[in-house]
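One structure is given below, encoded as structure tokens.
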Amino acid sequence: MTNPLRNETTSDTLPSWDLGDLYQSPEDPNLRTDIAKAEALAAAFRKKYMGNVGTLTADDLAEAIKAYEELTDLSGKFSCYAQLLYAADMATPEHGIFYQNMMEKSSDISVTVLFFTLELNKIDDKHLSRHLEASESLRHYEPWIRDLRAFKPYQLADDMEELLHEKNITGAASWNRLFDETLAGLLFPFDKEQLGCAEIINLLSSPDAETRKKAGLSIGKVLAANGKTFSLITNVLAKDKEIEDKWRNFAEPISSRNLANFIEDDVVNNLIETVKNNYPKLSHRYYRIKAKWFGVKKLAYWDRNAPLPSADEEAISWDEAVKMVLASYRAFSPELADIGQQFFDNNWIDAVPRKGKESGAFAHPVVPSAHPYLLLNYLGKSRDVMTLAHELGHGIHQVLAGKQQGALMCDTPLTLAETASVFGEQLTFRSLLEKEKDERKRQIMIAGKVEDMLNTVVRQVAFCEFERVVHAERQNGELSQARICDIWMDVQEESLGDAFSFDISYKYYWTYISHFIHAPFYVYAYAFGDCLVNALYGQYLKQPKGFQEKYITMLKAGGSLRHTELLAPFGLNAKDPQFWQTGINVISDFIDQIE
Ligand SMILES: [Zn+2]
């Protein structure tokens, strides 16, 4: 058995990020200066505009929004810095304290200026459209105003909004922190070692069956031992959300997420239903093939991500991974590759796995006046290469949108936030597949891609179902640990199919899925992104000429356009009932190829 953590080829060359572009340290005098500046700006802004937003001229309103945008960028800078410092090393208690303090500073600032968006939403539609006609500088902010007003029907009285905002820091945000610190602090016995969460989960994709089993059981045992805490956090946050949803008058637990994504409920429901209807054609069928390849009647849950027999197990060095990913981007668009190159040249990536570091991977946009950072836990697997391609896609998207749209309009709604990342993965995969001439190896690669897609589409939709049931049942009272475990096992059996036998130790695996805690109902965005990119990629194959230009324009739009407007230039429409099936058929076709 080889322990991937001892892999010499990957450990030395892995980069750590340099947060010095933000601040040198928590003691950096510039940090204190920026906080003081932001506080003073916020106070002056409140004094100047509070109570009279509705009576401003069109140009004065534009000027106010501009000041608000600058403040958003400035306070984002120090809170993001604290967040990144903490994510890279949660084990250092000072980081937790610093992070909490910066969140509180930033929360105080946003409470000070919260009146502005609330008052802006009270301006009536007619008055506002006259303003927009009158002032070009105001028209620049039209998408932001449009998005803000989408929340108008759910808006509470000003003082209630302020109270909710302020209480968040000791409410949901603190429960999130408890979750993060609990998870980061867990130690999983493995042989004579104690592993962190990311390290032990990585062993589930070990080529050695015994290793996977031991890791799987160890994870199940440790998570179960902490089940009480995780179940409390889950219950509290579901109740917290229910209370707020009730006050705001949201129809369903998922509704606020759909609104924040600027996506219609029926488009999301259609996606979920289409994926569920395709479980037999996708996951059920694929895992039966996998079981056959493994020569077993039933797969254990710890075999779900097991590498395929005769898959290449050689670790891929970081340098090789970087080369592969950048070459794939370059073959598609040199402009995108050049932006991607900056992440490596300037140390915007933290790839070293460390104890106490946040598990998984993310791309943080930070603020447009700075630049994004990527966090990875690189272990040299081909999945890790895909993760790099994925997060780099986010990063490039964030650079393009940030430059073009500024702090208020750069954020892409979640559903489209996964577009550039998944597209980047697709590019990397296709170019690797093209280079491979060995038929057997190609099969393994396709199977690997299918597994990734099932993890993105089927698994995330199953997660979404889990959340739906948990949130719905929480409305009738607190859920016991046993009940949450049952819901988890039900959705797993339904989505993965009869090729699996589910050991009882699997039942606590819901506890470590951080999206349930950090962003309820976020998960369907992955399925949305994957199916959408499949459709988009299909258009690229059909009509490659001029595609790159349209694609980059789409990325630059950030949050300024909605999905219908963004997809129209490609001849696509997510409201079309057949749209999702087209994306899903790409996965199904891959399964046909290996069947
Ligand atoms: Zn992503």
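None of the figures in this text is laboratory data; all of them are computed from the coordinates on show. As the structure is a prediction and not an experimental result, all values here were calculated from the model. Every residue, glycine as well, gets a Cβ built from its backbone with ideal geometry; the counts of neighbours run over all protein chains shown.
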Quick check on the chain: of the DSSP beta bridges with both residues there, what percent are antiparallel, nearest 5%? 60
Charge dipole magnitude, Cβ of K and R +1, D and E -1 - the chain, Cα centre, debye nearest 20: 1160
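What number, rounded to the nearest 500 deg cm²/dmol, is the helix-based mean residue ellipticity at 222 nm of the chain, given -39500 (n - 2.57) per DSSP H run of at least four residues and division by all its residues? If you can, show how the numbers build up before the last one.
Numbers: 29 runs with 385 residues, N = 595.
The per-residue figure over the chain is -20500 deg cm²/dmol.
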Based on alpha-carbon centroids, what's the gap between region 457-536 and region 250-269 in Å, whole number please? 18
For Asn346, what charge total do you get from the other residues with a beta carbon under 12 Å from its beta carbon, if Lys and Arg give +1 and Asp and Glu give -1? -3
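What's the exposure ranking of Asp18, Asp345, going from fewest to most Cβ atoms within 10 Å?
Neighbour counts put them in this order, fewest first: Asp345, Asp18.
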Putting +1 on Lys and Arg Cβ atoms and -1 on Asp and Glu Cβ atoms, find which of Cys485, Tyr81, Leu388 reaches farthest to the positive end of the dipole of the chain. Cys485
In vacuum, with every alpha carbon of region 8-159 counted as one equal point scatterer, what does the Debye formula give for log10 I(q)/I(0) at q = 0.09, 0.11, 0.19, 0.21 Å⁻¹? Two decimals, please. -0.40, -0.56, -1.12, -1.25
Compare the Cα positions of Gln398, Leu427, Ile339 along the charge dipole of region 339-447 (+1 at Cβ of Lys, Arg; -1 at Cβ of Asp, Glu; about the Cα centre) and return the one farthest towards the positive end. Leu427
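Could you line up Asp592, Asp59 from fewest to most neighbouring Cβ atoms inside 10 Å?
By the 10 Å Cβ count, ascending: Asp592, Asp59.
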Just grab the label-to-label distance for Ser369 and Asp592, each label 7 Å out from Cα along the Cβ direction, in nm (one decimal). 5.4
What fraction of the Cα pairs in the chain, stated in percent, has a spacing above 42 angstrom? 20
Quick check on region 269-317: take the gyration tensor over C-alpha atoms, sort the square-rooted eigenvalues as a ≥ b ≥ c, and tell me if it's rounded (a/c under 1.5), prolate or oblate. oblate
Neighbourhood net charge (14 Å Cβ-Cβ; Lys/Arg +1, Asp/Glu -1) for Thr117: -1
Arg139/Ala209 FRET efficiency (R0 56 Å; Cβ-Cβ; nearest 0.05): 0.35
